[in-house]
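J.: So that we are looking at the same thing, I have put the structure below in structure tokens.
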Amino acid sequence: MRLAFVPFLAVAVALQPAFCTPSSVLKPRTRTNSLLISPAALPALPSAQQAASASADAGLNLTNIQGDILIGMKKNKELFFFFTIINSTLFRSQLGSGILPLITPTSQLLAVDTQPTTAVNLAFSQRGLTTLDITDDLGDTAFANGQIDNVASILGDETSNWESAFAGTSIHGVFLLASDTVDNVNATLSQIQALLNGSITEAYSLQGQARPADQQGHEHFGFMDGISNPAVTGFSTPLPGQQVIDPGLFLLGETGDTVTRPAWAKDGSFLAFRQLQQRVPEFNKFLVDNALSNPNLTADQNAELLGARMMGRWKSGAPVDLTPTVDDPVLAADPQRNNNFNYSHPGFDLDTDQTHCPFSAHLRKTNPRAGLTPENTANHIIRAGIPYGPEVTDAENASNVSSTDPSLERGLAFVAYQSDINAGFAFLQQFWANNAGYGVDPIIGTDGLGQPDVPRSPSGLDPADPTRIITIEQDFVVSRGGEYFFSPSLSAIQNTLAI
Ligand code: N7H
């Protein structure tokens, strides 16, 4: 018999002593240090009190929404454990009493002392839901068909680069396990596997981790990431310049979601996962070889300037729209100012002027801000990814070539949440990043035909001559594949998925 849904915290507290994990491996239940990172540049999460008050006003139930969805790019260590369900009845029978108490809702992540040792989230592919005999149409064709269906024509991926697990049929779901140590993550994974009692097998896994020391919060090319996620009504208080987006763009069944869904899908979200390899030595060499020629800058600064114009932000996170020729680390570290721009300036012709930020910059391609009138409110995602793989080695730096050793692969475990994949991740990649207008996105753009290293010709990268084309002959980001998942609410796990 199913239990009526009880807010997670009460269940967790009640069941905590029953978990038999080795206390020598797991940290004490009450945390004193956060499992999230908090670089100064990133918007702070709302306090538990602020979120409780905002969510009450908007009617959002933060104890029912899985924690990863609204948090953004703040995880310290995160394991993506992709699994195959081999015994669906057993799996479902363990979900309610066994796994649900481990699932971390949003409310629990907002204060250090309510955070678990390891935050656990769970999402299913369409194949996984079908395996569980959940046959309702969730109202998203991209999810229903799986990411492989989008591979070449929509995303522009070269299929031969896909990890075999993503190209195959074995991925039914993914556990997202986040903590401050890999030991904690591994201990929680063992606990989950014991609870599931042989009903799943591993299909693939990817360990993500924030980069070390002063690079924490920066992705592998060196850029601070996660600054410009939208503010969500009912959750976060907007910072200056931050767009405020209805919760229904990210959460099914909430205000702003116009699609008819099964009632149980409310407060779930579609998770687009991508393993995006980054060829860092090649990217660095390209910047040096094509450094700009501002006479007031050194050669190194001119290389940095080219990278900043390709990205739309300096590595520090400072937006080039506000500081076009020199980095400004103080601005970068100030969330009151570092997202407060929209590419328009007094006396500027927004349609032709690229002196501050090229039209092709990754940031501008994936969110044109005032470049669209009225400002776009339909095509937004919450980015919640994390870097994976080791730092660049000395040998790679010396040769300017990424190693072919698989253990040295590095990149971004890209995660995007949305309530409509075709309006969210797939739209951004296909219609904005891969769009040849002004040149495809110099970071993530492809020709959209599934061919590798097709030369890209973004304009506007050189402020001295915006018509000059700096051709990019190779891909710096290579898609290794991915899958679309549905991240259900806690009540859906209890009342619909579990038996
Ligand atoms: Fe991007 N990067 O680190 O180089 N991204 N991204 N992204 N991205 C952004 O403002 C990066 C990818 C978006 O609101 C920043 O938070 C890398 C995909 C969007 O102004 C940096 C990869 C898609 C924004 C990066 C990658 C997007 C954004 C600036 C792949 C969607 C916000 C930091 C390896 C299809 C735009 C920040 C806005 C910002 C990087 C992938 C989308 C530094 C390395 C696949 C919407």
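J.: Using only the Cα atoms of segment 297-383, what semi-axes does the equivalent ellipsoid have when each is the square root of 5 times a gyration tensor eigenvalue? Give whole Å, largest first. List each step's numbers first, then the result.
T.: Details: eigenvalues 92, 46, 31 Å².
Working through the eigenvalues yields semi-axes of 21, 15, 12 Å.
J.: Roughly how many nanometres apart are two label points built 7 Å out from the Cα toward the Cβ at residue 398 and residue 237?
T.: Going from the residue 398 label point to the residue 237 one covers 5.3 nm.
J.: Less than 14 Å Cβ to Cβ from residue 443, Lys/Arg counted +1 and Asp/Glu -1: what total charge do the surrounding residues give? Kindly include the intermediate steps, with their values, before the conclusion.
T.: Values: positive: 274, 279, 309, 313, 315, 364, 365, 383, 456; negative: 219, 225, 282, 441, 475.
Its environment carries a net charge of +4.
J.: Could you calculate the contour length gain from residue 467 to residue 141, that is, 0.36 nm times the residue separation minus the distance between their Cα atoms, to one decimal place in nm?
T.: Values: separation 326, 0.36 × 326 = 117.36 nm, distance 3.97 nm.
Here the segment from residue 467 to residue 141 would lengthen by 113.4 nm.
J.: Which chymotrypsin sites (Phe, Trp or Tyr not before Pro) does segment 195-263 hold that lie in a coil by DSSP with at most 13 other beta carbons within 10 Å?
T.: Working: sites: 204, 221, 223, 235, 250; in loops: 221, 223, 235, 250.
Listed in order of number, the matching sites amount to none.
J.: Based on the mean of other Cβ atoms within 10 Å per residue, sort peptides 476-489, 453-466, 366-379 so the most packed one is first. Don't skip to the answer; put the middle values down first.
T.: Details: 476-489: 24.7, 453-466: 17.6, 366-379: 14.9.
The most tightly packed comes first, giving 476-489, 453-466, 366-379.
J.: Over all alpha-carbon pairs of the chain, lay out the pair-distance distribution in 10 Å bins, whole %, shortest bin first.
T.: Over the chain, the share of Cα pairs per 10 Å bin runs 4, 20, 31, 27, 13, 4, 1, 0 percent.
J.: Normalised by the number of residues in the chain, what is the relative contact order in percent for Cα pairs under 8 Å and 6+ residues apart?
T.: Working: 1122 pairs, mean separation 119.4, N = 499.
Once divided by the residue count of the chain, the mean separation gives 24 percent.
J.: For the chain, with every protein chain kept in place, what is the accessible area per residue (1.4 Å probe, Å²)? Before the final figure, lay out each step's value.
T.: Working: 18890 Å² over 499 residues.
For the chain, the solvent-accessible area averages 38 Å² per residue.
J.: Find how much the distance from residue 38 to residue 282 grows on full extension, using 0.36 nm per residue of separation minus their present alpha carbon separation; answer in nm with one decimal. Walk me through the numbers before you get to the answer.
T.: On the way: separation 244, 0.36 × 244 = 87.84 nm, distance 2.94 nm.
Contour length minus Cα-Cα distance gives 84.9 nm.
J.: Please count, across the chain, the pairs of lysine residues with Cα atoms under 26 Å apart that sit 8 or more places apart or on different chains.
T.: Taking the Cα cut-off of 26 Å, the pair count is 13.
J.: Residues in segment 484-499, backbone N under 15 Å from the label point at residue 89 (7 Å along the Cα-to-beta-carbon vector): list them, ranges by number please.
T.: Answer for this model: 499.
J.: Output the peptides 308-321, 417-430, 108-121 sorted from most to least packed, where packing is the average of other Cβ atoms within 10 Å over each peptide's residues. Mind dumping the intermediate values first?
T.: Working: 308-321: 25.1, 417-430: 23.4, 108-121: 21.1.
So the peptides 308-321, 417-430, 108-121, ranked by packing, come out 308-321, 417-430, 108-121.
J.: What ratio of Cα Rg to 2.2 N^0.38 Å holds for segment 35-149? Before the final figure, lay out the partial values.
T.: Working: Rg = 16.5 Å, N = 115, 2.2 N^0.38 = 13.4 Å.
This ratio for segment 35-149 stands at 1.24.
J.: Same structure again: Whose amide H sits under 5 Å from the amide H of residue 75, counting only residues 5 or more places off or on another chain, with H placed in the peptide plane?
T.: So residue 75 has HN proximity to 37.
J.: Right, here's the next one. Out of the total accessible area of the chain (probe 1.4 Å, heavy atoms of protein only), what percent is carbon and sulfur?
T.: 54 percent
J.: Note the full-extension length gain between residue 30 and residue 377 as 0.36 nm times their separation in residues minus their Cα-Cα distance, in nm to one decimal. Each step should come with its number before you reach the end.
T.: Numbers: separation 347, 0.36 × 347 = 124.92 nm, distance 3.94 nm.
That works out to 121.0 nm of additional length.
J.: Ordered by residue, what ³J(HN,Hα) values in Hz, to whole numbers, does segment 244-254 give under the Karplus form 6.51 cos²θ - 1.76 cosθ + 1.60, where θ = phi - 60° and Gly and Pro are x?
T.: 9, 10, 4, x, x, 6, 10, 10, 5, x, 9
J.: In segment 405-499, if the dipole is taken from +1 on Lys/Arg beta carbons and -1 on Asp/Glu beta carbons about the Cα centre, which of 495, 424, 434 is farthest to the positive end?
T.: Positive-most Cα among the choices belongs to 495.
J.: What is the dipole size for the chain, taken about its Cα centre, with +1 at each Lys and Arg Cβ and -1 at each Asp and Glu Cβ, in debye to the nearest 20? Could you put the intermediate results ahead of the total?
T.: Working: 27 positive and 48 negative charges, 269 e Å.
So the magnitude is around 1300 debye.
The values are calculated or read from the model by the stated rules, or taken from the named source; none is laboratory data. For clarity, every value in this text was computed on a predicted model and none was experimentally measured. Here Cβ is always computed from backbone atoms with ideal geometry, including for glycine, and neighbour counts include all displayed protein chains. Areas reflect the complete protein model, heavy atoms only, side chains present, ligands, DNA and RNA absent. Shrake-Rupley method; radii C 1.70, N 1.55, O 1.52, S 1.80 Å.
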